[in-house]
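Student: This is the structure I have questions about; it appears just below.
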């Protein structure tokens, strides 16, 4: 299992960094979470969040399959996701510490139903979410290079 944990950890770390995210810098803690993702994958057939109770019914747990639907809102508001697998730039730069994260699932604190479409001004990448990504997954432009996208008339 240690080899599986190491392989998944390396893959998640690489994918996170490519997409503008960071795994928790506490490697031991993070590998424990990765081990729990593997356990949940083997148990349920999908990698549900290790800090939440999964039902075992994929359709009911789609919102907590890692990375969960609540990750970005938690990162923006608290500096880490619920289980602290993912952390913000502020945590990486020691400008913010990881603390307790309130549960958004099944509460009024869920991700806002207002979704905006954001456009990368560098490459044109479009994404629909509450806030633009920290880094464009296509051209690697930073968050401030995104603008709200409004559909206009076609000429």
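The values are calculated or read from the model by the stated rules, or taken from the named source; none is laboratory data. Remember, predicted model here, so these are calculated numbers, not experimental data. Counting neighbours? That spans all protein chains shown, and the Cβs are built from the backbone with ideal geometry, glycine included.
Student: Residue 76 passes all but one of (1) closer than 20 Å to residue 136 by Cα; (2) surrounded by fewer than 14 Cβ atoms within 10 Å (Cβ to Cβ); (3) at pLDDT 95 or above; which number fails?
Tutor: If we test residue 76 against (1) closer than 20 Å to residue 136 by Cα; (2) surrounded by fewer than 14 Cβ atoms within 10 Å (Cβ to Cβ); (3) at pLDDT 95 or above, just (3) comes out false.
Student: Here is a follow-up. Quick one: in segment 1-21, which of the residues that are in contact with a strand residue (DSSP E or B) (Cβ under 9 Å, 6 or more places away or on another chain) and outside any helix (DSSP H, G or I) is farthest from residue 141 (Cα to Cα)?
Tutor: So the first thing to find is which residues in segment 1-21 are in contact with a strand residue (DSSP E or B) (Cβ under 9 Å, 6 or more places away or on another chain), and the list is 9, 12-13, 16-21.
Narrowing further to those that are outside any helix (DSSP H, G or I): 19-21.
Values: 19: 11, 20: 10, 21: 13 Å.
Filtering segment 1-21 for residues that are in contact with a strand residue (DSSP E or B) (Cβ under 9 Å, 6 or more places away or on another chain) and outside any helix (DSSP H, G or I), the one farthest from residue 141 (Cα to Cα) comes out as 21.
Student: Take residue 98 and tell me if it is touching a strand residue (DSSP E or B) at 6+ places or on another chain (Cβ under 8 Å), modelled with pLDDT under 90 and part of a loop (DSSP other than H, G, I, E, B). Steps first, answer last, please.
Tutor: Working: touching a strand residue (DSSP E or B) at 6+ places or on another chain (Cβ under 8 Å): yes; modelled with pLDDT under 90: no; part of a loop (DSSP other than H, G, I, E, B): yes.
Spelling it out, it is not the case that residue 98 is touching a strand residue (DSSP E or B) at 6+ places or on another chain (Cβ under 8 Å), modelled with pLDDT under 90 and part of a loop (DSSP other than H, G, I, E, B).
Student: Taking the condition of being over 19 Å from residue 102 (Cβ atoms), assigned to a helix (DSSP H, G or I) and out of contact with any strand residue (DSSP E or B) (no Cβ under 6 Å at 6 or more places or on another chain), how many residues in segment 34-79 meet it?
Tutor: The total comes to 14.
Student: At pLDDT below 95 and crowded, with 16+ Cβ neighbours inside 10 Å, is that true of residue 21? Spell out how you get there, then give the answer.
Tutor: Working: at pLDDT below 95: yes; crowded, with 16+ Cβ neighbours inside 10 Å: yes.
The answer is yes for residue 21.
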